[in-house]
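Enquirer: First the structure, which I've put down as structure tokens, then a few questions once you've had a look.
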Amino acid sequence: MALSPGTHPPLRVAVLGCGVVGTEVVRRLVTEGDELAARAGARLELVGVAVRSLDAERDPVVDRSLLTTDAESLVEKADVVVELMGGIEPARTLVLRAVEHGASVVTANKALLAQDGPALYDAADAAGVDLYFEAAVAGAIPIVRPVRESLAGDTVLRVVGIVNGTTNYVLDSMSTAGLGLEQAVKEAQALGYAEADPTADVEGYDAAAKAAILASLAFHTRVALGDVDRVGITALTADDVTWAERTGHVLKLLAVAERARTAEGRDGVLVRVQPTLVPSDHPLAGVRQAFNAVFVEAEAAGELMFYGRGAGGAPTASAVLGDLVSVVRHRVLGGKGPVESSHADLPVLDGGEARSRYQVRLEVDDRPGVLARVASELAAQDVSIESVRQTLQTSGDDASATLVITTHTAPDRALRATVEAVSVLDVVRRVVSVLPVL
Ligand code: HSE
């Protein structure tokens, strides 16, 4: 059956939230109305835009007569609800209400999905409506649909991504402009990349929510925000960035979701967000500024990489509108898109089960036997050394050295035990940093 907007009654669209993304969604609904109708098979009639304040200044593309503060009534008269408010409440209640009233939902709300995804998927499934969320992960980059649909016949082994543009921008400016962390965050705020309160980005919560969503889709397993082993970028220094470069790496905040097997042979998934040393010749090392990229490894497909803008009004609106056209097509033609796939129900393993190469940087006394004592602690935990680099510093009579030890792949648990043992050696002045290497 061909899609023809002339034969299907218009579908009523409600937009919740009119910030940067909401405004761009409204703009394209207004300016691209005919084209979107032709693609979707029905006209998309914007019936209201829920906002917190009716008086706030707005782009003139937003028809003020459509504004309302009564989001609850708005969702009840819509066929499709586009939720762009963010946060947990009232977004959660409104999405559930929309679904109960038979509306399909398009959302960009990663925090809500990572916290309450299963309840929302179940409600949408029970109501026979769609819940689409391409914009929740990596903005404009099509990654939800490829993992959820295109790779549905393959076995995903690992997903590695730079999914937070703010932290990528911060780390990139620390590297290229030699800024300290605080200064780089301030610059990101001045340019509108970072929020006034940058906690969700710099502490890795935003990336962890996206990692949970991607892991759930990739491994057909429910993974929640709390399952993600998370380390942000706040402890990183300009020195960490410099040493990364000296050793042929670029420091990135990576989200990693992978299939893994415990030492006892138990299969599961591991989901982590952590600052990671990416070898400079790896495709993710070239992801600069506020761009995002996701690298997927699948059994049959091999390696795939997705790259683009992970935030911003127009790029995020692109993903929202793609979902909007999809859910409207389903309404026109009958049927619905994929439901939650969580049948594999793999256990989410503790971060200690992760295996990685690590780079450990130590400040030590420069005297005979130091290297041997440090090395023997690694050997005691069965952690094998791949390379050691030593740089001497002298200040008056005081001779110290920076030791940069790169290990072969080792379990995180063994590495942590090693670092603890090394840190109390009298010849070790300071464990400066411990970073995984991709
Ligand atoms: N704050 C996010 C980022 C964009 O910096 O990538 C929205 O998820």
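Enquirer: Taking Thr31, is it in contact with a strand residue (DSSP E or B) (Cβ under 6 Å, 6 or more places away or on another chain) and open to solvent by 20 Å² or more (accessible area, probe 1.4 Å)?
Expert: Against the criterion (in contact with a strand residue (DSSP E or B) (Cβ under 6 Å, 6 or more places away or on another chain) and open to solvent by 20 Å² or more (accessible area, probe 1.4 Å)), Thr31 does not qualify.
Enquirer: Among the residues of the range 201-220, how many are touching a strand residue (DSSP E or B) at 6+ places or on another chain (Cβ under 6 Å) and either farther than 29 Å from Asp345 by Cβ or more than 15 Å from the ligand (Cβ to nearest atom) (or both)?
Expert: The qualifying residues number 3.
Enquirer: Here's another thing I want to ask about it. State yes or no: is Glu83 surrounded by fewer than 24 Cβ atoms within 10 Å (Cβ to Cβ), away from the ligand (no atom under 12 Å from the Cβ) and over 18 Å from the mean Cα position of the chain (by Cα)?
Expert: no
Enquirer: Any residue at all in the range 190-200 that's more than 16 Å from the ligand (Cβ to nearest atom), modelled with pLDDT of 95 or more and surrounded by 19 or more Cβ atoms within 10 Å (Cβ to Cβ)?
Expert: no
Enquirer: With respect to the numbered conditions (1) open to solvent by 30 Å² or more (accessible area, probe 1.4 Å); (2) touching a His at 6+ places or on another chain (Cβ under 6 Å); (3) not charged (D, E, K, R), which one is the sole condition not fulfilled by Ala42?
Expert: Tallying (1) open to solvent by 30 Å² or more (accessible area, probe 1.4 Å); (2) touching a His at 6+ places or on another chain (Cβ under 6 Å); (3) not charged (D, E, K, R), Ala42 fails exactly one: (1).
Enquirer: Still on this structure, please answer the following. Quick one: in the range 170-189, of everything that is open to solvent by 30 Å² or more (accessible area, probe 1.4 Å) and within 20 Å of Arg246 (Cα to Cα), which residue is farthest from the ligand (Cβ to nearest atom)?
Expert: Looking at residues that are open to solvent by 30 Å² or more (accessible area, probe 1.4 Å) and within 20 Å of Arg246 (Cα to Cα), I get Gly178.
Enquirer: For the range 310-324, what are the residues that are buried (at least 24 other Cβ atoms within 10 Å of the Cβ) and either more than 14 Å from the ligand (Cβ to nearest atom) or β-branched (Val, Ile, Thr) (or both)?
Expert: Thr316, Val320, Asp323, Leu324
Enquirer: Based on this model, can you work out whether Ser395 counts as farther than 22 Å from Leu251 by Cβ and without any contact (Cβ under 8 Å) to a residue 60 or more places away in the chain?
Expert: Criteria met by Ser395.
Enquirer: What are the residues in the range 217-247 that are among the aliphatic types (A, V, I, L, M) and either assigned to a loop (DSSP other than H, G, I, E, B) or within 30 Å of Gly117 (Cβ to Cβ) (or both), if any?
Expert: Once the filter is applied, which keeps residues that are among the aliphatic types (A, V, I, L, M) and either assigned to a loop (DSSP other than H, G, I, E, B) or within 30 Å of Gly117 (Cβ to Cβ) (or both), the range 217-247 yields Leu217, Ala218, Val223, Ala224, Leu225, Val228, Val231, Ile233, Ala235, Leu236.
Enquirer: Let me ask you something else. Do we have Val241 as under 17 Å from the mean Cα position of the chain (by Cα), farther than 20 Å from Glu303 by Cβ, surrounded by 23 or more Cβ atoms within 10 Å (Cβ to Cβ) and more than 13 Å from the ligand (Cβ to nearest atom) here?
Expert: no
Enquirer: Please determine whether any residue of the range 93-108 is under 27 Å from Leu236 (Cβ atoms) and either under 21 Å from the mean Cα position of the chain (by Cα) or among the aliphatic types (A, V, I, L, M) (or both).
Expert: For the range 93-108, residues under 27 Å from Leu236 (Cβ atoms) and either under 21 Å from the mean Cα position of the chain (by Cα) or among the aliphatic types (A, V, I, L, M) (or both): absent.
Enquirer: Here's a follow-up. Tell me, please, whether a residue that is under 30 Å from Gln189 (Cα atoms), buried (at least 18 other Cβ atoms within 10 Å of the Cβ), within 16 Å of the ligand (Cβ to nearest atom) and aromatic (Phe, Trp, Tyr) can be found in the range 292-300.
Expert: No; the residues of the range 292-300 include none that is under 30 Å from Gln189 (Cα atoms), buried (at least 18 other Cβ atoms within 10 Å of the Cβ), within 16 Å of the ligand (Cβ to nearest atom) and aromatic (Phe, Trp, Tyr).
Enquirer: Just give me the residues in the range 207-226 being touching a Ser or Thr at 6+ places or on another chain (Cβ under 8 Å) and either free of Cβ contacts under 8 Å to residues at least 12 places away in the same chain or buried (at least 20 other Cβ atoms within 10 Å of the Cβ) (or both), in sequence order.
Expert: Ala207, Ala215, Ser216, Leu217, Thr221, Val223
Enquirer: Just name the residue that is farthest from Ala238 (Cα to Cα) out of those in the range 145-169 that are assigned to a helix (DSSP H, G or I) and within 16 Å of the ligand (Cβ to nearest atom).
Expert: Out of the qualifying residues, it is Gly165.
Enquirer: Sort through Thr69, Thr107 and tell me the only one that's open to solvent by 50 Å² or more (accessible area, probe 1.4 Å) and among the β-branched types (Val, Ile, Thr).
Expert: Thr69
Enquirer: Give the residues of the range 248-270 that are of a type in the set (D, E, K, R) and not in a strand (DSSP E or B), sorted by residue number.
Expert: Glu264, Arg266
Enquirer: Anything in the range 271-291 that is part of a loop (DSSP other than H, G, I, E, B) and open to solvent by less than 10 Å² (accessible area, probe 1.4 Å)? List them, or say none.
Expert: Val287
The values are calculated or read from the model by the stated rules, or taken from the named source; none is laboratory data. These numbers come from a predicted model, not from an experiment. Counting neighbours? That spans all protein chains shown, and the Cβs are built from the backbone with ideal geometry, glycine included. Side chains are part of the model used for accessible areas, which takes the heavy atoms of the whole protein and leaves out ligands, DNA and RNA. Shrake-Rupley method; radii C 1.70, N 1.55, O 1.52, S 1.80 Å.
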